[in-house]
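The values are calculated or read from the model by the stated rules, or taken from the named source; none is laboratory data. Since the model is a prediction, treat every value here as computed from it, not as a measurement. A quick note on method: Cβ atoms are made from the backbone with ideal geometry, for glycine too, and the neighbour counts reach across all protein chains shown. Protein only, heavy atoms only, side chains kept; ligands, DNA and RNA dropped before computing areas. Shrake-Rupley method; radii C 1.70, N 1.55, O 1.52, S 1.80 Å.
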Amino acid sequence: MRMVIVAGTPGSGKTAVLVHVLKSLMRDNFTASVVKIDCLYTDDDKKFKKIGIPTLIGLSMDMCPDHYAIYNIEDMIDWARQNNSDFLIIETAGLCHRCAPYTKNCLGVCVIDATSGPNTPLKVGPFLSTADIVVVTKGDMISQAEREIFRERIFEVNPNAKIIEANGLSGQGCLELADEIVKSPEVSLESEKLRHSAPLAVCTLCVGETRVNKKYHRGILRRIDGFQTYQGE
């Protein structure tokens, strides 16, 4: 089975792009299953089910979506295999800009909104810098000069990325992404590892501490001066 993990900034058009991509795959007689991961609520599953795609929802609630997805990835793959799917496509929630959802052998796709500002690629982390493909949306809403600057910022962060300009409304560029998905490698869960370490989620705040006084906090902590330390047993 081939696995595609789609990440990106909130509101960048991940779902809209994927709907067009899935329609293209279906026309070529490929089958796919989609897992949509969000934090508190999503109705995006209706958009996938409307075009006949088996869809599973995962709500991470108080847990980091990356940690949630990584912990459940084996079950996702088993579910897609039960559906006899050629592809498992996982769309993750855009949350903290430090997201690192991609595994070594998946196809890592980052969807990013060109209207978010020319320096946005410099402000986000591994979900852009370790992606195989960067899909730039809403480029028609900015000038050619701004688009070129945005592309250069992406290459500063990820010089090896393939950039695809796409439109989630018209579907422009989505066929190119579908072609890249078809060429992606097979995934073996036994040998899979993350491309980058996941965001930290080991501290007293993560397990429900609400007091703000520093003396109550334990775990992996980073001070405002950048110093990181571990406090606890």
Could you list, ordered by first residue, the pairs with Cβ atoms under 6 Å in which the first is in the stretch 12-23 and in the same structural domain as residue 139 (by TED's automatic domain parsing) and touching a residue at least 40 places away in the same chain (Cβ under 8 Å) and the second is in a helix (DSSP H, G or I) and of a type in the set (A, V, I, L, M), at least 6 apart or interchain?
21/177; 21/178
(1) in a loop (DSSP other than H, G, I, E, B); (2) open to solvent by less than 90 Å² (accessible area, probe 1.4 Å); (3) modelled with pLDDT of 85 or more all hold for residue 178 apart from (1)
So, first residue among the acidic types (Asp, Glu) in the stretch 76-93, second residue at pLDDT 95 or above, Cβ within less than 6 Å, six or more apart or across chains; the pairs are 86/30; 86/31; 91/6; 91/14; 91/36
Could you list all residues from the stretch 16-41 that are over 19 Å from residue 78 (Cα atoms), open to solvent by less than 20 Å² (accessible area, probe 1.4 Å) and either under 17 Å from the mean Cα position of the chain (by Cα) or of a type in the set (Gly, Ala, Ser) (or both)?
17, 18, 21, 22, 24
Any residue in the stretch 54-64 that is touching a strand residue (DSSP E or B) at 6+ places or on another chain (Cβ under 9 Å), crowded, with 21+ Cβ neighbours inside 10 Å and either of a type in the set (Phe, Trp, Tyr) or touching a residue at least 24 places away in the same chain (Cβ under 8 Å) (or both)?
no
Looking at 108, 94 in this structure, which one is in a loop (DSSP other than H, G, I, E, B), buried (at least 19 other Cβ atoms within 10 Å of the Cβ) and of a type outside the set (D, E, K, R)?
94
So in the stretch 142-175, with the set limited to residues that are among the hydrophobic types (A, V, I, L, M, F, W, C) and assigned to a loop (DSSP other than H, G, I, E, B), which one is least open to solvent (accessible area, probe 1.4 Å)?
161
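Of the residues that sit in the stretch 42-53 and are buried (at least 16 other Cβ atoms within 10 Å of the Cβ) and not in a helix (DSSP H, G or I), which one is farthest from the chain's Cα centre (by Cα)?
Looking at the filtered set, the residue picked out is 53.
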